[in-house]
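Each value in this text was obtained by applying a stated rule to the coordinates, not by laboratory testing. All of these numbers come straight from a predicted model, not from anything done at the bench. Every residue, glycine among them, receives a Cβ derived from its backbone with ideal geometry; neighbour counts consider all protein chains shown.
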2 protein chains.
Amino acid sequence: MRPFSKLYMKEGDVMIGTQVAKVIQSKNSAFPVGSHVVSSCGWKTHAISDGKDLTLLMADWPKNVPMSLAVGAIGMPGLTALYGVEAVLKAQKGETLLVNAAAGAVGTVVGQIAKIHGCKVVGSAGSDAKVAYLKELGFDEAFNYKTVPSLEEALKKAAPEGYDCFFENVGGQFSTFALQQMKEFGRIAVCGGISTYHDTAYQTGPYPLTTINWKQVKIEGFMQSRWQSDHPQGLKKLMGWYKEGKLKSREHVTKGFENMPAAFMGMLQGENIGKAIVTV
Amino acid sequence: MRPFSKLYMKEGDVMIGTQVAKVIQSKNSAFPVGSHVVSSCGWKTHAISDGKDLTLLMADWPKNVPMSLAVGAIGMPGLTALYGVEAVLKAQKGETLLVNAAAGAVGTVVGQIAKIHGCKVVGSAGSDAKVAYLKELGFDEAFNYKTVPSLEEALKKAAPEGYDCFFENVGGQFSTFALQQMKEFGRIAVCGGISTYHDTAYQTGPYPLTTINWKQVKIEGFMQSRWQSDHPQGLKKLMGWYKEGKLKSREHVTKGFENMPAAFMGMLQGENIGKAIVTV
């Protein structure tokens, strides 16, 4: 949302965003009154849609599963984690996987899916409370990148064997240190770069190509939209793991439509553990 | 050879290098007297080997094909080009491929293989003579990166449609400009970084991750040794194309063992067109 809004939006535009909404009036039989939809209509309390930006909430959504998960662990962030780990990184049993921004909406799911696949999982996050939460979720190693004396040493200590997979959400300097700790034939999935979203000019660092060359590392950028047709199956998978208790989800809930800008800025500053949700 | 020697060799070590050599004495029936071998014994006029660093010259090497090609277009540089184009980039008919250091031992083969596969090929090189040679080889577009007013504009002009594939031999600033011109889902094969080999400290530039992310670009470092078991088949393929006239090779020949250091430094400074060969 942040890089998109910075690049493509101007003052007065409706801020982009995804919501779980209830249909209260309908002329479209695909979306009957009372049904719940996931909508990308942006930051609005009420919206009119021709149906193109709507998806019905997954059929048989269990009553005891919060519907807000449809924009979290069992929604786009969950799918992003799923495709990143399975389709891009192809993480295998016994491999070591690193994820940064690990306590966020995507990172928490990445780590849990990697554990389901039998990986050793290392997470980096920006507070001790987040680190504690990662341990609770079953991460093998987790550290607070803001307080470790050296990021390089922290990465080495967490996985002296090096990393096979790296799910990259942060960018900037973190990427340089992580690349140095990749094993030969390591894979990096580039999902985001939250450390760079506020920049007005590109941050610079050492060119990574020599290391990529010598270690025969593979780096791939991706967005979940690439696997659009796999979404229904992916959501079923995530829901299955959630029901089995293998995929846990915590939400950082802010109440009130008027608090959305503050919630958004707080998320970018790392205030949330898990998906940032605003209830209206 | 350059980064390896910088990292791992000390004064007095025998410089690494590959040669086509004739067996003049033998106690190993696999390498009879009079046979020709490709040897990685380094810079030596005569060497004793236990056979481990020797490969017999391809069987049925035609009399009219210079044996020196076994360390060039029908040797390691040729295989590097082949694996980079076919296994890493998976270049497809109709795609646009960019290669830099295009007039070198690897680059010339990269461009010709990409043409064989039906690609549009763009080459960057460091002299007008090299550019003329690339055109002679069938490159669709070629430019002298040292004299174009803007590398960015030269890359755009050569392929306004953008690049599907980029075979990277240079690194540094070139990589930043090339990345900006990649199409969505573009692939980059990192084979070398000749612009950085003399550096005593890492060159810096803008972090590439945001572009990699948004364009869903894939970057992979590689070395030909990864496909060791495919070498015999790969060499047959290269020899076949050579015989058909689809793969041409020019060599930059220096005479005399004592001139090897000068030839090596000249190659790093871009004096050669095609493979740098020293005859002894």
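So if we plug the beta-carbon distance of B:Lys236 and A:Met260 into 1/(1 + (r/R0)^6) with R0 = 56 Å, what FRET efficiency do we get, rounded to 0.05?
0.30
Among the lysines, which have Cα under 22 Å from the Cα of B:Lys157 when same-chain residues fewer than 8 positions away are ignored?
B:Lys93, B:Lys115, B:Lys120, B:Lys130, B:Lys135, B:Lys146, B:Lys183, B:Lys215
Pick from B:Gly12, B:Gly270, B:Gly221: which is most flexible by mean-square fluctuation in a GNM of chain B where alpha carbon atoms under 10 Å apart are linked?
Looking only at B:Gly12, B:Gly270, B:Gly221, the largest GNM fluctuation is found for B:Gly12.
Just how large is the dipole of the range A:205-268 about the Cα centre, in debye to the nearest 20, putting +1 at every Lys and Arg Cβ and -1 at every Asp and Glu Cβ?
Roughly 300 debye, rounded to the nearest 20.
Can you tell me the order of B:252-262, A:85-95, B:102-112, B:152-162 when each peptide is scored by its average per-residue count of other Cβ atoms within 10 angstrom, highest first?
B:102-112, A:85-95, B:152-162, B:252-262
Could you tell me the relative contact order of chain A? Use alpha-carbon pairs under 8 Å, at least six residues apart, and round to a whole percent.
15 percent
What distance in nm lies between label points placed 7 Å from Cα along the C-beta direction at B:Thr45 and A:Ala59?
8.3 nm
Pop the C-beta distance of A:Lys246 and B:Thr147 into the FRET formula with R0 = 56 Å and round what comes out to the nearest 0.05.
That pair, A:Lys246 with B:Thr147, gives E of 0.40.
Going by amide H atoms built from the backbone, whose H comes under 5 Å of the H on A:Tyr163, apart from near neighbours?
A:Met182, A:Lys183
Once you average over the residues of B:180-186, how many Cβ atoms of partner chains fall within 10 Å of each Cβ?
That works out to 1 on average.
Work out from phi, with θ = phi - 60° and the Karplus expression 6.51 cos²θ - 1.76 cosθ + 1.60, the ³J(HN,Hα) of each residue of the range B:24-37, listed in order in whole Hz, and give x for Gly and Pro.
For the range B:24-37, the Karplus-derived couplings read 10, 7, 8, 10, 10, 5, 6, 10, x, 3, x, 6, 10, 10 Hz, x marking Gly and Pro.
Summarise the partner chain shielding of A:190-201 as one whole number: the mean count of Cβ atoms from other chains within 10 Å of each residue's Cβ.
That works out to 3 on average.
Using the basic label-point model (7 angstrom from Cα toward the beta carbon), what is the A:Glu184 to B:Arg2 distance in nanometres?
Going by the 7 Å Cα→Cβ label model, 2.4 nm.
If you count, for every residue in B:19-26, the Cβ atoms of partner chains within 10 Å of its Cβ, what is the mean?
0
Along the charge dipole of the range A:179-280, which of A:Leu235, A:Ile273, A:Ile188 sits closest to the positive end, that is, farthest toward it, with unit charges on the beta carbon of Lys, Arg, Asp and Glu (+1, +1, -1, -1)?
A:Leu235
For chain B, find the longest principal axis of its Cα atoms and tell me its angle to the long axis of helix B:105-116, 0 to 90°, nearest 10.
In chain B, helix B:105-116 runs at an angle near 60 degrees to the longest axis.
Helix-only mean residue ellipticity at 222 nm, chain B, DSSP H runs n ≥ 4 weighted -39,500 (n - 2.57), per residue, nearest 500. What is it? Before the final figure, lay out the partial values.
Working: 9 runs with 81 residues, N = 280.
Per the formula, -8000 deg cm²/dmol.
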